[in-house]
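Below: one structure, written as structure tokens.
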Amino acid sequence: MRFILLGCGGFVGRNLLQRLLAEPGVSVFGVDRNAERVARFLGDRRFDFVEGDVYAPEVWSRVAGELDRADAVVNLAAVCQPAKYITHPMETLRSNALDVLPLVDLCTEKGAWLVHFSTSEIYGQSIRSKLPEGTGHDIPDGTLHIDEFDEHTSPLLMGPVRSPRWTYASAKQFLERYIAARAQQDGLAATIIRPFNFVGPEMDDVRRPGSTDIPRVYACFASALIYGEPLKLVNGGGQRRVATAIEDAVEALWLILTNPERSRHETYNIGNRAMEITIHDLAHRMRAVYAGITGDADAAETPIVPVSGEAFYGRGYQDCDRRMPRVDRLEALGWAPTMGWDEVLPGLLRHYIERAKILGVPLQGTAAE
Ligand code: UGA
């Protein structure tokens, strides 16, 4: 089997690449803007790599040539950091929708199987959050689940246009609809992946001294612990997320890629329902695990403080209150997640501590020794 991975140097891309190359009969053609990110795979004879922008003419012609001999093309290239939806809305729209249209068209023309990464954010806010407290129940025929997101039946509840937070989810939605239209009218074979907060080592990086970049929540909290600064709970931290260990996520992707007869025209939520957590509880758990690893009693007392979303991310930030996926379609392929927070957090925090040492970030307290 041969796969094309576009954006193979990102967190999901690298982990998927590793999983694919672990299979003896598999080869990969990868594209990423940064060769350093895939340096450890470059010596593998089953990995062909091109550094550059997917849509730059010289790269694009290679991708087009590869489409003829690949079993599937997996599109991972996109801006997917919430802080950037606010500060870089045009880049967010382009990379998540407009830039990708030629790829969808070419896959249609060549009869190639497109596996496209969408997002859990496409569901927007939960239905319950829009209802008066105490009301709301599922519709018995299965067309509406109040507390769960179903790939085929759930409505998508975006916020207002004036809130740029929704630019990302709306761009992803437009692209999913474009892909669906191509499938309906022109026979495109396409699989949509909706990841629910994949987590694992190498996801984002420790904040560098002086940097104002805002990574995703795990790197934010880890950086705060490493710098000995307060962990900030956006809007109080009552919002919930369902996470998925990257190891379980790539197993799901492997099942999808190796079951084309079932998955070629399907949409899959990938989320570990057992890993639902409030951001408040995530902060407390990360702090406790960090203190345990470093043996730093002071770290266990690092303040955890509330901050408004607008103060933290900028004007127009809104949040998703809860996103619980239905995963029966994935389970029908044989997927069963194996990891929980106890397995994920120690490895994640050890990784960030190692990165801090490599980057020369001074660790606070006894973690420094
Ligand atoms: C993410 C991103 O949009 C995408 O990476 C992805 O498509 C999607 O969700 C997903 O993986 O399913 P989000 O879950 O909001 O969005 O990402 P984080 O930046 O990790 O934030 C999670 C929550 O923690 C948010 O409610 C955020 O406000 C909060 N947060 C973040 C804090 O309370 N404190 C912080 O320091 C950072």
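Here are some notes:
- Dipole magnitude of the chain, debye to nearest 20 (Cβ charges: Lys/Arg +1, Asp/Glu -1, about Cα centre): 500
- Beta bridges per DSSP with both ends in the chain, % antiparallel, nearest 5: 10
- Plainly put, region 42-109 has a radius of gyration that is 1.02 times its Kirkwood radius, both from alpha-carbon atoms, as the Rg/Rh ratio.
- Charge dipole magnitude, Cβ of K and R +1, D and E -1 - region 278-344, Cα centre, debye nearest 20: 320
- For peptides 332-339, 48-55, sequence by mean Cβ density within 10 Å, most packed first: 48-55, 332-339
- Whole-number percent relative contact order across the chain, with pairs defined as alpha carbons under 8 Å at least 6 apart: 18
- Over all directions, the projected convex hull of the C-alpha atoms in the chain averages 19.2 nm² in area.
- In the chain, helices alone account for a calculated mean residue ellipticity at 222 nm of -11500 deg cm²/dmol, with every DSSP H run of four or more residues adding -39,500 (n - 2.57).
- Net charge contributed by nearby residues that have their C-beta within less than 14 Å of Ala291 (K/R +1, D/E -1): 0
- Using Cβ point charges alone (K and R +1, D and E -1), the dipole size of region 156-217 about the Cα centre works out to roughly 260 debye.
- The number of Lys pairs in the chain with C-alpha atoms less than 29 Å apart, excluding pairs fewer than 8 positions apart on the same chain, is 9.
- Hz values of 3J(HN,Hα) by residue in region 32-44 - Karplus curve (6.51, -1.76, 1.60), Gly and Pro given as x: 7, 5, 9, 5, 4, 5, 10, 3, 6, 9, 5, x, 7
- Residues with amide H under 5 Å from that of Val79, placed H, sequence gap 5 or more: Ser95, Asn96
- Spatial separation of Cα centroids for region 75-97 and region 273-346, in angstrom: 22
- Projecting the Cα atoms of Asn272, Pro230, Ala249 onto the charge dipole of the chain (Cβ charges, centred on the Cα centre) puts Pro230 farthest toward the positive pole.
Every read-out reported here was derived from the displayed coordinates using simple, explicitly stated rules and does not represent laboratory data. What you see is a predicted model, and the numbers here were worked out from it, not measured in a lab. Using ideal geometry, Cβ is built from the backbone for each residue, glycine included, and neighbour counts are taken over all protein chains shown.
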